[in-house]
Amino acid sequence: MVAIAQLPSAGRVLTGVAGGVAVAALLAFRLAGDDGFPTDPVGVLALAAGATGAAVAATRLARVGNQRADTFATWLCVALLAYLVLAAWAVWMVTTGHPTAALAVAAWNSAWIPPLALMQLTASAAIRTGARTPWTHPVLTAVIGTLTLANALVTRASEPFTGLPTIAPESWRMVIEPVGTFATLLGILALLLVPVTLWRAALGSEGPARARIGVAAAGATAPPLTVCFCLLLAIARAPGAVEPSLGSVAFLVALAGASAFSAACALIAARGGVEGRQVTIVVRGTGLAGAALVVLGTGTIIAAPGLRLGPASVAFLVAAVTVVVGGGAWAGTGRLARVLAPQTPAAPPAPPVPPVPPVPNDEDLATPTAGVTVTGLTPREAEVLAVLAEGASNAGIAAQLVVSERTVDAHLRAIFVKLGLTPGAETNRRVRAARIWLDHTTANRGPQGLSKAD
């Protein structure tokens, strides 16, 4: 909670204080004899740790100048703390038999959904530049907001916090079954939009751009994995006959861990200069988490009483699944990490820089970031060229600058014409354009790395 108090906004400090009070209240309920899973110390402290991690990431994102990712990380922290506050409120209402207990439980039962969207928004915003918002962000926000509201309205707990907790399907009933099912499916699809878009942009790019976008994509993949974990816990309840309280606490830990992971990925991507070791850790962590879910789900089904397998058979089959899935995930994520990691090959000899045609007025002169000037390009074209020089594909450029790929293609055609790059192999023109940008970057920087404009 201390990290939250270090954030500049007074509202954030008050939120941190409220979260601390909620943690203390839940632990006090536990000591007083409440044995429901919302008061379990492991789940409570895990959520508090996840909120603290998001707050630390927000502080550091602000330091590197990424205000948008800072804002989303802050809201992620607030959402996790709000989940704790609502849990304390709901437990108190149920314990005292207050008439509004059902309302409190409904609010708490839906508070775990918004953090899923905020994880993705934080990771996605880390690689964006400019003031534009990608279309995936409002779509994700609208769908998850609708799902949260629908979940609060159409689900009811049969016996709140007693008997069967949330992962047991029989402990919750759907008031309007088709609406709840449709909202759930829509929410799952919405959570796939951002990671699919980012993975496409990453795998089509090269060099530093591929690494940065890949790390952000891994951070955005954590929420769908969390949802899969939740669904597997339901399978673990039936037919697996796993203790529901244990599964519910495990879900709270998974939600907190995913939040911290997404915030960390956002911070790595926003800083730039992603190292190969960081890419390996992030990609392997994501892949092995997915593999663990597969093993968990398969093992639960194998161990189900209905299959009537002996202990030796269950142990052998689970071990075989673990080796195959775990080994495949380790090898596959290692290969993906090598693909995404930035490469540092020897620089090819510089091609001759073609003359740049004059421009009619000074408004067409561009001064991109870091004080580097490329004569003849508009500011937006200079931004496109700068991202191109990092190795980004058209999809990668579009993702970072928040424009359409058609717009990127038009800018690149204009850049090639203005730089005098004749049509030929598309890759060759991109490489030559990137080399021109790097040459101008070097020429416009002083001996200590400062631009001549400084």
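Where a number appears in this text, it was derived from the coordinates with a stated rule and is not lab data. No experiment lies behind these values; they were computed from the predicted model shown. Neighbour counts run over all protein chains shown; Cβ positions are idealised from the backbone, glycine included.
Summary table below
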quantity: Label-to-label distance, nm, for residues given as VAL324 and ASP35 (7 Å Cα→Cβ offset); calculated: 4.0 nm
quantity: For ARG156, residues with placed amide H under 5 Å, excluding near neighbours; calculated: ARG173, VAL175
quantity: Cα centroid of region 306-334 to Cα centroid of region 252-291, whole Å; calculated: 25 Å
quantity: Per-residue HN-Hα couplings for region 28-34 [Karplus 6.51, -1.76, 1.60; θ = phi - 60°; Hz; x = Gly/Pro]; calculated: 5, 4, 5, 5, 7, x, 6
quantity: Computed lengthening from ARG380 to ARG308, 0.36 nm per intervening residue step minus Cα-Cα distance; calculated: 19.4 nm
quantity: Sorted by Cβ density within 10 Å, fewest first, the residues THR129, THR441, THR122; calculated: THR129, THR441, THR122
quantity: Environment charge at PRO138 (Cβ cut-off 15 Å; Lys +1, Arg +1, Asp -1, Glu -1); calculated: +3
